[in-house]
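The numbers here are math on the coordinates, done by the rules we state, and not lab data. Owing to the predicted nature of the structure, the values given are computational and were not obtained by experimental measurement. FYI the Cβ positions are ideal-geometry reconstructions off the backbone, even for glycines, and counts take in every protein chain you see.
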Amino acid sequence: MKRISILLVAATSFAVPACGGDSSSTGDDDPGTGSGTGSGSGSGTQDEWDLLLGTRVTDYNAALKIAAFRLTGDVPTVDEINQIKNAPDAAAKKAAYGALIQAYMGRPTFARQMVLFWQDTFRMGGTAELDAAPAFAAQLAVENRSYTELFTATTGTCPTFAYDGRAGTATFTPADCAGTGPKAGVLTDPGAMRHFFGNLAFRRVKWVQETFDCAKFPIEIAAAPTDVGGASPYTGVWPFTSISDGTTVGRINFQDTAAVVCANCHSTMNHIAPLFANFDDTGAYQATISVPTPFDGAPLAELTDYLIAGEPLSWRMGIPTPDLTSFGNAMAADASVAKCGVARVWNWALGKTDIVDALQEVPLETINTEVTTFIASGHKMKDLIYAVFTSDDFVQF
């Protein structure tokens, strides 16, 4: 059998400033001066982003129009607009706006919007099988349950969703996912496992990483790079020799350095992928590894194709996760995962494009308040959405 090398090209990412509005507006509401949050240099001078952010004014009616579209898929009514417009002062306008956001999130259309949001986020939907994971995530939001259930729930993770616009109803019907394998929220969803099936389960790992940690591989970066004899250094935190070299261990040379240093990505990926490798091409969990290798004839992968003997399966170095239950628990406890969840809601509310694909990254300082509150509140989804849609950065233009 011919041995092969896996070459991955690491994408260069850069931060794109995020702000609450693209232009200033006088509006008819509280003429606040804005939060002034931005990416200043810290030298005491303001850059162009600070100056633009400082010109924003609070406009609850403008914010309401955007919020109504996002949360209900429709425009606000004249009565709703007038509730804010006719409020006697800034405090009353703010209270009226907050009450309308709460009302929007109590409508059946909010459930529909949540399903659509999660279909976009998960990149799956349109069939009963592919709708289950988005429906479960939407149910968590509508019922104000914990975001961490996406990784830890063991029952009811494959619900169905029915929306009837004429009757004005939106119904989640709980159901357990098929199969007898482990249950860890959407991480073990059969539809997701089938949808992201591929060689060595790497597509599944990529989906988990990019969807829930909002960053591409490589993800674990050492404080100082290591010279491994290639054109570029090794920057991972795992021992370079912890993964297969295609000669002494396994059939694939993940230690290859001829063009790029494959281990920069695969030192982490290979410690995760075997956890998802027992799901076959239908998404069913099997007793043994059931994903192919890229060799001729697509023979099934083996554990030694990923790691040397004794290497732990892990969410991150120092956080061993020998099974999918512990893997889900580790994700639930990771502050970076919580930050990613907040950032995705933030970008959706502000009309930004994808954090990973379009590099619409959100600096932590921009959403630090929401992240801190989200974690402290037990990762309550509906509370998070309310906090984002009533934040200064959302209502100022």
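At q = 0.06, 0.12, 0.15 Å⁻¹, what base-10 log of I(q)/I(0) does the Debye formula yield for the chain when every alpha carbon is treated as an equal point scatterer in vacuo?
So the normalised log intensities work out to -0.28, -0.99, -1.32.
Name the longest site-free stretch of the chain, where the excluded sites are trypsin sites (Lys or Arg not before Pro) in a DSSP loop with no more than 15 other beta-carbon atoms within 10 Å.
With a cap of 15 other Cβ atoms within 10 Å, the longest stretch comes to 167-397.
Looking at the chain as a GNM with Cα springs under 10 Å, which of Trp315, Trp346, Trp238 has the largest mean-square fluctuation?
Of the options given, Trp238 has the highest mean-square fluctuation.
Would you mind working out the magnitude of the charge dipole of the chain relative to its Cα centre, with +1 at each Lys and Arg C-beta and -1 at each Asp and Glu C-beta, to the nearest 20 Debye?
About 580 debye.
Jot down the per residue volume, in cubic angstrom and as a whole number, of the convex hull over the alpha-carbon atoms of segment 73-171.
Hull volume over Cα atoms, normalised by residue count, gives 118 Å³.
Rounding to the nearest 10 and keeping the result within 0 to 90°, find how far the Cα-based axis of helix 90-104 lies from the longest principal axis of the chain.
50
List every residue whose amide H lies under 5 Å from the amide H of Trp315, counting only residues 5 or more places away in sequence or on a different chain, with H placed 1.01 Å from N in the peptide plane.
Those qualifying (amide H under 5 Å, at least 5 residues apart or on another chain) are Thr321.
What is the distance, in nm, between label points placed 7 Å from the Cα along the Cα-to-Cβ direction at Ala103 and at Asn86?
1.2
Have a look at Thr58, Ile252, Phe397 and report the one farthest towards the positive end of the charge dipole of the chain, computed about the Cα centre with Cβ charges (Lys/Arg +1, Asp/Glu -1).
Sorting the options by dipole projection puts first Ile252.
What lysines sit close enough to Lys93 to cross-link, taking a C-alpha to C-alpha distance under 27 Å and skipping anything fewer than 8 places away on the same chain?
Answer for Lys93, where 27 Å is the Cα cut-off: Lys65, Lys85, Lys352, Lys380, Lys382, listed by chain and number.
Run the quick spin-label model on Ala231 and Ala167: label points 7 Å from Cα toward the beta carbon, then report their separation in nm to one decimal.
With each label point 7 Å from Cα toward Cβ, the separation is 6.2 nm.
Using every Cα-Cα pair within segment 186-317, state what percent have a distance larger than 17 Å.
58
Fully extended, how many nm does the chain gain between Thr373 and Thr55 (0.36 nm per residue separation, minus their Cα-Cα distance)?
Residue separation times 0.36 nm, minus the Cα-Cα distance, leaves 111.8 nm.
Could you give the size of the charge dipole of segment 202-308 about its Cα centre, using +1 on the Cβ of each K and R and -1 on the Cβ of each D and E, expressed in debye and rounded to the nearest 20? Walk me through the numbers on the way to the answer.
Working: 5 positive and 11 negative charges, 33 e Å.
Computed about the Cα centre, the dipole is about 160 debye.
Could you tell me the relative contact order of the chain? Use alpha-carbon pairs under 8 Å, at least six residues apart, and round to a whole percent.
Dividing the mean separation by the residue count of the chain yields 21 percent.
Using only DSSP helix segments of four residues or longer, with each worth -39500 (n - 2.57), what per-residue ellipticity at 222 nm results for the chain after dividing by its residue count and rounding to 500? Kindly include the intermediate steps, with their values, before the conclusion.
Values: 15 runs with 156 residues, N = 397.
After summing the helix terms and dividing by residue count, I get -11500 deg cm²/dmol.
Compare Val78, Val356, Val261 in a GNM of the chain, Cα atoms joined below 10 Å, and give the one with the largest fluctuation.
Maximum fluctuation in the GNM of the chain, among the listed residues, is at Val78.
Between Ala259 and Ile319, what is the label-to-label distance in nm when each label sits 7 Å out along the Cα-to-Cβ direction?
Each label point is offset 7 Å from its Cα along the Cβ direction, giving 3.2 nm.
Roughly speaking, what is the stretch gain from Ala358 to Asn199, that is 0.36 nm per residue apart minus the C-alpha to C-alpha distance, in nm to one decimal? Could you put the intermediate results ahead of the total?
Values: separation 159, 0.36 × 159 = 57.24 nm, distance 2.54 nm.
The span from Ala358 to Asn199 would gain 54.7 nm if fully extended.
Output the 0 to 90 degree angle, nearest 10, between the alpha-carbon long axis of helix 108-122 and the longest principal axis computed from the alpha carbons of the chain.
30
Please state the relative contact order of segment 185-284 as a whole percent: Cα pairs under 8 Å, 6+ residues apart?
Numbers: 145 pairs, mean separation 35.0, N = 100.
Relative contact order for segment 185-284 comes out at 35 percent.
Please sort by residue number the GluC sites (Glu not before Pro) in segment 140-230 whose DSSP state is loop and whose Cβ has at most 11 other Cβ atoms within 10 Å.
none
As an exercise, use a Förster radius of 56 Å and the Cβ-Cβ distance of Asp383 and Thr247 to find the FRET efficiency, rounded to the nearest 0.05. Present the calculation step by step, with values, prior to reporting the outcome.
Values: r = 53 Å, r/R0 = 0.95.
My answer for the efficiency is 0.55.
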